[in-house]
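What follows is a short report on a single structure.
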Amino acid sequence: MSHSLLEARAIGKNFGGVTALRDVSLTIKQGEIYGLIGPNGAGKTTFFNVLTGLYHPDGGEIVFAGETLQASAPHKVAKRGIARTFQNIRLFANMTAMENVMVGRHARTHAGVLGAVLHDRRTVNEEAAIRQRAEELLHYVNIADRADDLARNLSYGDQRRLEIARALATEPKLLALDEPAAGMNGAETGDLRELIEGIRKDGITVLLIEHDVKLVMGLCDRVAVLDYGEKICEDIPSVVQNDPKVIEAYLGGSLA
Amino acid sequence: MDIFIQQIINGLILGSIYALVALGYTMVYGIMGLINFAHGEVVMIGAMVALSVIKLLENSGLPVFLLLLFGLAAAALVCMAVGFTIERIAYRPLRRAPRLAPLITAIGVSIVLQNLAMLIWGRNYHAFPPILPTTSMTIFGATITSLQVAIVLIAALMMIGLMILINRTRLGRAMRATSENPSIAQLMGVNINQIISFTFVIGSALAAVAGLMVSANYSIAHYYMGFMLGLKAFTAAVLGGIGNIAGAMLGGILLGLIESLGAGYIGDLTGGFLGSHYQDIFAFFVLIGVLVFRPSGLIGEKVSERA
């Protein structure tokens, strides 16, 4: 439980003259739900993008499961075991829900050109396994009845669930969720909370960016707070909630 | 009535070839938003290589079927290598460049390939060796040769195979995912460089088949043949909706029919003022018409302002 899965060491990232991340270091332990919060523009999503290889950090390094992640291509990051969802949902809109999850299996399957042409037994079996796993995952996130609908025709909440199913299909060690509760009503958020707890129970470490403070504080084992690209606090929720720096960051200081 | 049926049949043959070539344009566009204007030259190279190999083996006593098969295999291998190389050295370095740069590069690649072909095969027309059976049959008063039947059947089989590949396999899913959103596809473990190379290779293989078909059907090949053919196949892809696989097939067949019927009747319609050698104008009327009235094509998605 206590050994670290991901260690970010002094991550820095600039866009032109704007510093999005400055010396951000944090450690996520195996099996925990780790919250990352902060006001808008604090650098949370940038951190996610660095983590998943979409951006190259300007400084620092990320060690994941004992190996450094720096400068590796995004498709390799997936194979190493990091999956994510997006704040603004990014599904393959013109593919069915089922196909979206099946694409998620890509990182863990192998059939190539030869298999596609020859259609040999191994390829056929693998394809069947991909389909079966995708079905299971659609059940897991409770949208199995929408399997054959195009992703863009799913309701907002279902799209969020589909994105989580697709991320799970890559068999991640770390699942990074970028504001999964955004735009959800109370009941949907409750379901989401159960889903995330279930995912953790299955042994997957969760990194959660979220604005819904109640959800983060209720769900996370530990929380880090970013403000203007710097980590200002990292602790268990009850401590973070009462940290004067955090209150100042969120409320502008005047009420602190 | 006989003329009508004959032109429909001719149109289907021509259309099958256009469709195979159009698929190459549309797949590359679908994956990376690039119009690969060098694709027509790949067809030409396929025709030239197939023709050379068949000529070489002509007197070896091999059955015609094997001659064609060897010619096709050689053409496919060379075209796949050419397609792969074009992407690697000409387009990949420009992946993040403004849209116009790869477009101009494509035209440049097209000129380079044409001139290379001229150096290798000379400026003369090459006649297809007279090995093909000349048996033909008559349907409703129209004539069709066994070669032409084979062209239509093989084109149909290749298109069915491509549809299965794209819709039913892991590789095809990765291609569609890359086409919708490359950076997200990468996060699913898809190596998009591999997928793009693969797309060029498949498109080039189809081009090789089309090249052999054209040279066999018209009994001739020439280093410049890829230009007009490429332009027409591009028109077919635009007509169907560029980026859309089924659209390229539909557009190809439709364009073949339009051209063929147009050529058959243009003499009558203009009182003999224009003859069937004006066949080419139909393709470009179609291109202009589609671009003006329905830029997204018959069954295409709405396209954004890509060059």
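Can you find, among B:Ala47, B:Ala150, B:Pro93, the residue farthest towards the positive end of the dipole of segment B:2-293? Put +1 on the C-beta of Lys and Arg, -1 on that of Asp and Glu. So the residue we want is B:Pro93. Ordering A:Ala169, A:Asn242, A:Met217 by Cα displacement along the dipole of segment A:153-256 toward the positive end leaves A:Ala169 in first place; charges were set at the Cβ atoms of Lys, Arg (+1) and Asp, Glu (-1).
Taking each DSSP H run with n ≥ 4 as -39500 (n - 2.57) and averaging over every residue of chain A yields -11500 deg cm²/dmol at 222 nm.
Note on chain A: antiparallel DSSP beta bridges, both residues inside, total approximately 55 percent of the bridges counted.
Lysine pair count for the protein assembly as shown with Cα-Cα distance under 14 Å and sequence separation of 8 or more or different chains is 8.
Between 0 and 90 degrees, the angle of helix B:39-57 with respect to the longest Cα principal axis of chain B falls at about 50 degrees. Using only the C-alpha atoms, the convex hull of segment A:50-181 corresponds to 124 Å³ per residue.
Relative to the longest principal axis of chain B, what angle (0 to 90°, nearest 10) does the C-alpha long axis of helix B:146-168 take? Computed tilt is about 20 degrees. Applying a DSSP loop filter and a limit of 15 other Cβ atoms within 10 Å to the chymotrypsin sites (Phe, Trp or Tyr not before Pro) in segment A:138-228 leaves A:Tyr228.
Where nothing but the Cβ of Lys and Arg (+1) and of Asp and Glu (-1) is charged, how large is the charge dipole of the protein assembly as shown around its Cα centre, in debye to the nearest 20? Walk me through the numbers on the way to the answer.
Working: 44 positive and 44 negative charges, 195 e Å.
Charge dipole, the protein assembly as shown, about its Cα centre: 940 debye, nearest 20.
Based on alpha-carbon atoms only, what is the radius of gyration of the protein assembly as shown relative to the globular estimate 2.2 N^0.38 Å? Let's see the in-between values first.
On the way: Rg = 28.6 Å, N = 563, 2.2 N^0.38 = 24.4 Å.
Compactness ratio reported: 1.17.
Peptide B:159-172 shows a mean partner chain C-beta count of 3 within 10 Å per residue C-beta. In order along segment A:42-48, the phi-based Karplus estimate (6.51 cos²θ - 1.76 cosθ + 1.60, θ = phi - 60°) of 3J(HN,Hα) comes to 7, x, 5, 5, 4, 4, 4 Hz; Gly and Pro are listed as x. Please report how far the C-alpha centroid of segment A:124-144 lies from that of segment B:84-158, rounded to the nearest whole angstrom. Value for the Cα centre distance between the two parts: 41 Å. Counting other Cβ atoms within 10 Å, keep those with at most 15, restrict to DSSP loop, and tell me which trypsin sites (Lys or Arg not before Pro) in segment B:45-119 are left. Counting only loop positions with at most 15 other Cβ atoms within 10 Å, the trypsin sites (Lys or Arg not before Pro) in segment B:45-119 are B:Arg95, B:Arg96, B:Arg99. Working note: Karplus 6.51/-1.76/1.60 with θ = phi - 60° gives segment B:94-110 the couplings 9, 3, 9, 7, x, 4, 5, 4, x, 5, 5, 4, 4, 5, x, 4, 4 Hz, where Gly and Pro are set to x. Overall, segment B:2-293 carries a charge dipole of about 980 debye about its Cα centre when +1 sits on the Cβ of Lys and Arg and -1 on the Cβ of Asp and Glu, all other atoms neutral. In a simple Cβ point-charge model (Lys, Arg +1; Asp, Glu -1; nothing else charged), segment B:162-307 has a dipole of about 520 debye relative to its Cα centre. Counting only DSSP beta bridges with both residues in the protein assembly as shown, the antiparallel share comes to about 65 percent.
Values in this text are rule-based calculations from the coordinates and carry no lab data. If you're wondering where the values come from, they're calculated on a predicted model, not measured in any experiment. Every residue, glycine among them, receives a Cβ derived from its backbone with ideal geometry; neighbour counts consider all protein chains shown.
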